[in-house]
């Protein structure tokens, strides 16, 4: 079900991006492309997972779906979403066990580009799961490189989600984006 939803979202985003480009190219000069949508495949590291009598760190598969709007050449805002494909149990700072069923983390972020192709990412949002929702702060670094006539970009992303009174996770992802 979740993979079908991801496929539908991806196709919708690509169709929307292609429609926007066609609209701009008909009879007008190409407008500056300030919007982008990206899909990333990631691995998320989660520490202190409860398993039997012990604790361990795990790496779980995840998807990233990001939207960004470029305000200036150096500043952008966006909505970054991470979907973890696993269920796990974590122990929070009070010693209580919390079950997480395929959590989805969404954060509104600000992005600053100190040098070409690299962006610093910082924002706040929530991690949503059927058991409990958690507040989070997202911090990270993103590399993007434009390819194919500046319409498509390849992306590498490193981010850390700080979930207060619960757990922290970090992810490393690679993907492709479309500017429109």
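Here, each number is a calculation from the coordinates, and none is a lab measurement. Model, not experiment: these values are computed from the prediction. Positions of Cβ are generated from backbone atoms using ideal geometry, with glycine treated the same way; all protein chains shown enter the neighbour counts.
Structural remarks
- Once the chain from residue 150 to residue 71 is taken as fully extended at 0.36 nm per residue, the excess over their C-alpha distance is 26.7 nm.
- Each Cα pair under 8 Å and six or more residues apart adds its separation to the average, and for region 34-180 the resulting relative contact order is 23 percent.
- Rounded, prolate or oblate (a/c below 1.5 giving rounded, otherwise prolate when a/b exceeds b/c) for region 34-179 by Cα gyration tensor: prolate
- Simple spin-label estimate for residue 133 and residue 99 in nanometres, 7 Å along Cα-Cβ: 2.1 nm
- Take every pair of alpha-carbon atoms less than 8 Å apart whose residues are at least six positions apart; their mean separation over the length of region 104-153 yields a relative contact order of 32 percent.
- Burial order of peptide ranges 55-68, 110-123 (average beta-carbon count within 10 Å, highest first): 55-68, 110-123
- Using a Förster distance of 41 Å, the FRET efficiency for residue 117-residue 59 (Cβ separation, nearest 0.05): 0.95
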